[in-house]
Each structure stands twice: as structure tokens, then as C-alpha cells.
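Participant: Sending over a structure as C-alpha cells; questions will come in a sec.
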Amino acid sequence: MTLQEQYDQAAPRWATRLSALGFTPAYAALMAAAAPRHTGSLCDVGAGSGALSQAFYARFGAPKRHVLLDTSAAMLQTARAALPATTQIETEQALLADYRPQCGFDVTLAGHVIEHCPSPETALQQIAALTRPGGTVILAVSHPHICQIVIWLKWRHRWFRQDDVCAMAARAGLRLSRILRFETGVPARISRGYIFTKPTQPQETPC
Ligand SMILES: C[S@@+](CC[C@H](N)C(=O)[O-])C[C@H]1O[C@@H](n2cnc3c(N)ncnc32)[C@H](O)[C@@H]1O
């Protein structure tokens, strides 16, 4: 079974599982720690069931432009249904590597996605490229813990030390604002939150 087929199959139960494992308060805490300069446009890379986007909406309200990007059509459907029907949201079924928006986003989210990419270093560069200068990148990334072995048996993902995430992000041109240790539940053991900014360049033109 391909990764996309695995995620298609997992989609109907993903939100319930995330919530049971304690990711809802963890993602809320991650958004509470972020202070993006602009929140008008949002891209959720590897959106899954839309949990990070939901946490963003709860903290900052609905953005004017919102893209949900995922390779799994079933996940995109679930994420779209979890967000307000009144908000205009684009769903893009594509690999991060293949997605080329016309202009950058104020905020780019990626929750446990670089773990699945062939090169996490390249994935972080692609995430940085999606973000406009002055914009914010908010990540949740798998962290070393014995439990990762059990998760790996099903998902064949990777996990990263904080220093390695920060070094890859720095090479992608991102500046670290904050690392968040989640306080409770499974996320406290297996995940870390990261907030980066993409430095402003003199020629910055928001779109
Ligand atoms: C571990 S799930 C996380 C979902 C969600 N961000 C969350 O935090 O619950 C990873 C998601 O990323 C998607 N995905 C994996 N590799 C991807 C890639 N290269 N490009 C886009 N989406 C990808 C999967 O289909 C899946 O929905």
C-alpha cells in the first residue's frame, strides 16, 4: 500500500485519533505561542484532517486566502468539512514538491509532514519558498522517543532532534522564534512545535 493509500484509509478516523491522543490542546498551544505579523493567507501543508488549520482559525480567525495541500483526497475532504462552510478554501491534491502557488503565504503550517518527505531538508526549503518574506512557518515535527519505533512500524516515518530541525530550517533561510515542548498527552513525548519567521527582504510586496 502506498503512503497516500494509507492516509486515504486513515482519513475517516484521523481527527478522532488526534483528539484522543491529545493533539487538540497541543496544536492550540502552538498557535497561542505564535505571533504572525500577517494572517491574511494560510497554507496548510499535509493538512490531514485540518487540525492545525482549525487551531489557527480558533486563534486568528479565518484567513482571506486558505489552501489545504495534501496528497490524500480523503484527507482533503475531511479537512474541508471540518472548517467553516462559509469560508472560501482551496484544496490542492498534490505533493509539496509539486505545488507552485502564484504568490507566497503569510503563514505556512506543516504538521508531521517533513517526516514523510524523501528529503526533509528539501521539504523545509519548499515550505520556506511557499512563505512570503516576513511570513511565519509553524511546524509540528516528530521528536526522538522510544514510541517512535511503534509508530514507524505502521508509517515508516522519521523523527528529528531539535538541533537538526533548526539547522535544516536555518539552511532554508528561516529564523527560529520559538520551540514548544507540548505539556501533556502523547505530543509531550513524540512531538515538538516550532515557529520560524522568514526574514523580510527589501523588495517585499505582499499579495
Ligand atoms: C502525519 S499526517 C499529519 C496531518 C496533519 N498535518 C496533522 O497534524 O494531523 C501527514 C499528512 O501529510 C500528507 N503528506 C505526506 N507526504 C506529503 C507530501 N509530500 N506532500 C503533501 N502532503 C503529504 C499525508 O497525506 C497526511 O495527510
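Read-outs throughout are calculated quantities, based only on the coordinates presented, and are distinct from any laboratory measurement. Computed from a predicted model, the values in this text were never measured in an experiment. Positions of Cβ are generated from backbone atoms using ideal geometry, with glycine treated the same way; all protein chains shown enter the neighbour counts.
Participant: Percent relative contact order of the chain, based on C-alpha pairs within less than 8 angstrom and at least six residues apart?
Facilitator: Contact order relative to length: 21 percent.
Participant: Moving on. At 7 Å along Cα-to-Cβ for each site, give me the label-to-label distance between Q9 and H38 in nm.
Facilitator: So the two model labels end up 4.3 nm from each other.
Participant: Which of T71, A35, L95 sits farthest toward the positive end of the charge dipole of the chain, with +1 on the Cβ of Lys and Arg and -1 on the Cβ of Asp and Glu?
Facilitator: A35
Participant: Same structure, new question: Please report, in debye to the nearest 20, how large the charge dipole of the stretch 3-197 is about its Cα centre when each Lys and Arg carries +1 at its beta carbon and each Asp and Glu carries -1 there.
Facilitator: 420
Participant: Could you work out the local net charge near H66, counting Lys and Arg as +1, Asp and Glu as -1, over the other residues with Cβ closer than 12 Å to its Cβ?
Facilitator: -1
Participant: Further question on the same structure: Going by average Cβ neighbours within 10 Å, how do the peptides 130-143, 23-36 rank, with the highest at the top?
Facilitator: The peptides rank, most packed first, as 130-143, 23-36.
Participant: Sticking with this structure for a sec: For the chain, set up a GNM with springs between Cα atoms under 10 Å and report which of R80, R175, R156 has the largest fluctuation.
Facilitator: R156
Participant: Over 10 Å intervals from 0, what percent of Cα-Cα pairs in the chain sits in each interval?
Facilitator: 9, 38, 41, 12, 1
Participant: Now, a different point. Give me the net charge of A110's neighbourhood, meaning all other residues with Cβ under 12 Å from the Cβ of A110; Lys, Arg count +1, Asp, Glu -1.
Facilitator: With Lys, Arg at +1 and Asp, Glu at -1, the neighbours total -3.
Participant: Then there's this: Any idea how far apart A28 and L153 come out in nm if each label point goes 7 Å out from Cα toward Cβ?
Facilitator: Between A28 and L153, the label points sit 3.3 nm apart.
Participant: For an R0 of 30 angstrom, estimate the FRET efficiency from the Cβ-Cβ distance between T87 and S19 and round to the nearest 0.05.
Facilitator: Here the calculated transfer efficiency is 0.90.
Participant: Here is a further query. Sticking with the crude label model, points 7 Å out along Cα→Cβ, report the distance from R65 to R181 in nm, one decimal please.
Facilitator: Between R65 and R181, the simple spin-label model gives 3.9 nm.
Participant: Indicate the gyration tensor shape class of the stretch 1-93 (rounded, prolate or oblate), computed on the Cα atoms with a ≥ b ≥ c the square roots of the eigenvalues: a/c under 1.5 is rounded; otherwise a/b larger than b/c is prolate and the rest oblate.
Facilitator: Oblate.
Participant: Who wins for biggest fluctuation among I179, I151, I127 in a Gaussian network model of the chain, springs between alpha carbons below 10 Å?
Facilitator: Comparing I179, I151, I127 in the GNM, the peak value goes to I151.
Participant: Among C43, C147, rank each residue by its count of other Cβ atoms within 10 Å, from fewest to most, as a rough exposure measure.
Facilitator: The most exposed by this proxy come first: C147, C43.
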